[in-house]
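Presented below is the structure to which this report refers.
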Amino acid sequence: MINVQDIRDTARDLLAKGEVRAVIGWRAGSRGMAAEPCVVTKPEEADSLVWDPTCYHNLALQLVNDRKDLVHSKKTATAPIGIVAKGCDARAIVVLLQEHYFKREDVYIIGVSCENSGVLDERKVKAQVGGFAPSAAAFDGDNFSVKTAKGDKKLAGREVMADRCLECRTPFPKENNTAFGDDKTGREFDAQFAALARFEANDEAARWEFWQRQFDRCIRCFACRSVCPMCFCDECVVDSIEMKIAPETTAEEKANRIRWIERSAVRSENATYHMTRALHLAGRCVDCGECERVCPVNIPLRLLNTKMEREAREAFGFDPGASIGGPSLVASFRDDDPGEFIR
Amino acid sequence: MSEQTYEPKIVAFLCKWCSSAGSDLAGVSRIQYPANATPIQVPCSGSVSPMYILSALKKGADGVLVSGCHIGDCHYLEGNYLARRKLHLVKELLQFVGIEENRFRMSWVSAAEGAKFAEVVKEFVDDLRPMGPQEKLKAKRA
Ligand code: SF4
Ligand code: SF4
Ligand code: SF4
């Protein structure tokens, strides 16, 4: 098990020596048990870092934000930025590196392994502890311990772990500058794509019946997009707001500007949004599950994303987030890519 | 709309180097084929964004066809390889959410294959007609 003090000492040391200009990590949250992302810039702040099963956030997003800040303010970084990264955060960083979003030497990765565990699913936890959210949670070997109003409680890992963690085989951040915890790569609690396979057993009519209901329910708050480290575009294609309006722009030009998707949260627009997003994430989504976790209306987004991931793996032998050097999924091909569907 | 008068609307994205010329050849050769397809010329099948396909369905297309040069014949060498991969994903995703497999089609048609182009369109129309209008992804007010 990881001693959180090791993470803090490493961060303090790096900051004190000036080897990094900041360390992105998690600190205790201000609401309930969940940890929250933070950016530590002074050595003496390093002790605020935490590592527990509520470190849900994919911190690669903070790395993207840092990069955007630098670019938009036209600043150059004085030193690399440090980041505490669990397996899925590191996979996201690998995809960003693969896409040349920043350079390897721009980041210092302090890897933390989820070992035989993962992060909690708060909905599952609440069901286990009678509806009341605990105030704190900790790893307890293969299980978890949580603090509730009625005292401490032990929870079985399999019962309360997030679905993505149950299917995760790469809990260890392979890409790292230094790492803590055991490398449990290849572990398997649930078969990979188990939920996907269950869903695909439905026939076409049942699949549409299911998805039209989901597309109807989405309120297009875009939380799923905002939380995703892979959705880094300054202007998303679904917004279509980039049209420059000049004095000579006619009303007709304004009316006829390209709008791939209308803003109204209705079925057709929501469906187009979600399918576009799934396609733009194909071969890039690392199944950190954050989009699904933050959705206020519980749209099962992992189904769409893991569908694309399985296609990437099975049809094209492509492993998202596995290597920095290779080309991206849709910018490459093999001679024997499937083509029987083409007349 | 009654069964008899229903004619499926197809949006066809045709590569200008091959399938678009193929469709012209079908025309000048006086090959009879259904007039259901609205052709949209694109520079290469590889330039067809998945959003074109989704957008066409959203605007009420009953079927979408993408047609490019045979593998090995791409004017830009590898555009059709990229299209094959990208559009495989689109096809899978459409089926995954429960859109009928036959609403999306892809073909390789060279500039010399006027007859094949006519055949592709005819088959597509024959497959689409019994399915009736595409309502699943169509925008309500478009
Ligand atoms: S998905 Fe894997 S790496 Fe990410 S939190 Fe879960 S177990 Fe850890
Ligand atoms: S899927 Fe959920 S998080 Fe994403 S836009 Fe819709 S309601 Fe918001
Ligand atoms: S799409 Fe969702 S699961 Fe995939 S990387 Fe983005 S936030 Fe994570």
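Figures for the structure shown
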{"read-out": "Qualifying residue in region A:79-93 (condition: of a type outside the set (Ser, Thr, Tyr), more than 16 Å from ligand 1 (Cβ to nearest atom) and without any contact (Cβ under 8 Å) to a residue 60 or more places away in the chain)", "value": "no"}
{"read-out": "Test set (1) part of a helix (DSSP H, G or I); (2) at pLDDT 95 or above; (3) surrounded by fewer than 22 Cβ atoms within 10 Å (Cβ to Cβ); (4) more than 7 Å from chain A (Cβ to nearest Cβ) - B:Leu57 fails condition number", "value": "(3)"}
{"read-out": "Some residue of region A:289-310 being crowded, with 21+ Cβ neighbours inside 10 Å, at pLDDT 95 or above and more than 16 Å from ligand 2 (Cβ to nearest atom)", "value": "yes"}
{"read-out": "Residue selected from region A:74-133 under the condition of a type in the set (Lys, Arg) and more than 14 Å from ligand 3 (Cβ to nearest atom), by the criterion nearest to the other protein chains (Cβ to nearest Cβ)", "value": "A:Arg123"}
{"read-out": "Hits in region A:67-103 (condition: surrounded by 14 or more Cβ atoms within 10 Å (Cβ to Cβ) and either among the acidic types (Asp, Glu) or within 16 Å of ligand 2 (Cβ to nearest atom) (or both))", "value": "A:Asp89, A:Glu99"}
{"read-out": "Among the residues listed as A:Phe341, A:Phe318, the single one being more than 16 Å from the chain's Cα centre (by Cα) and at the interface with another protein chain (Cβ under 8 Å from one of its Cβ atoms)", "value": "A:Phe341"}
{"read-out": "Selected residue (criterion: farthest from the chain's Cα centre (by Cα)) from residues of region A:178-210 that are more than 9 Å from chain B (Cβ to nearest Cβ) and of a type in the set (Lys, Arg)", "value": "A:Arg198"}
{"read-out": "Residue check, B:Lys116 closer than 16 Å to B:Met51 by Cβ, within 17 Å of the chain's Cα centre (by Cα) and within 10 Å of chain A (Cβ to nearest Cβ)", "value": "no"}
{"read-out": "Any hit, region A:232-253, residues being touching a residue at least 12 places away in the same chain (Cβ under 8 Å), over 21 Å from A:Glu269 (Cα atoms), within 16 Å of ligand 2 (Cβ to nearest atom) and surrounded by 14 or more Cβ atoms within 10 Å (Cβ to Cβ)", "value": "no"}
{"read-out": "Residue check, B:Phe124 aromatic (Phe, Trp, Tyr), in contact with a strand residue (DSSP E or B) (Cβ under 9 Å, 6 or more places away or on another chain) and at pLDDT below 95", "value": "no"}
{"read-out": "Residue list for region A:244-284, restricted to those being of a type in the set (Gly, Ala, Ser), more than 12 Å from chain B (Cβ to nearest Cβ) and not in a loop (DSSP other than H, G, I, E, B)", "value": "A:Ala251, A:Ala255"}
{"read-out": "Boolean, A:Ala156 is of a type outside the set (S, T, N, Q) and in contact with an Asp or Glu (Cβ under 8 Å, 6 or more places away or on another chain)", "value": "no"}
{"read-out": "Test: A:Leu301 is closer than 29 Å to A:Asp121 by Cα and either at the interface with another protein chain (Cβ under 7 Å from one of its Cβ atoms) or in contact with a strand residue (DSSP E or B) (Cβ under 8 Å, 6 or more places away or on another chain) (or both)", "value": "no"}
{"read-out": "Test: A:Arg313 is within 15 Å of ligand 3 (Cβ to nearest atom), touching a residue at least 60 places away in the same chain (Cβ under 8 Å) and basic (Lys, Arg)", "value": "no"}
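The values are calculated or read from the model by the stated rules, or taken from the named source; none is laboratory data. Just so we're clear, the structure is a prediction, and the values are computed from it rather than from any experiment. Positions of Cβ are generated from backbone atoms using ideal geometry, with glycine treated the same way; all protein chains shown enter the neighbour counts.
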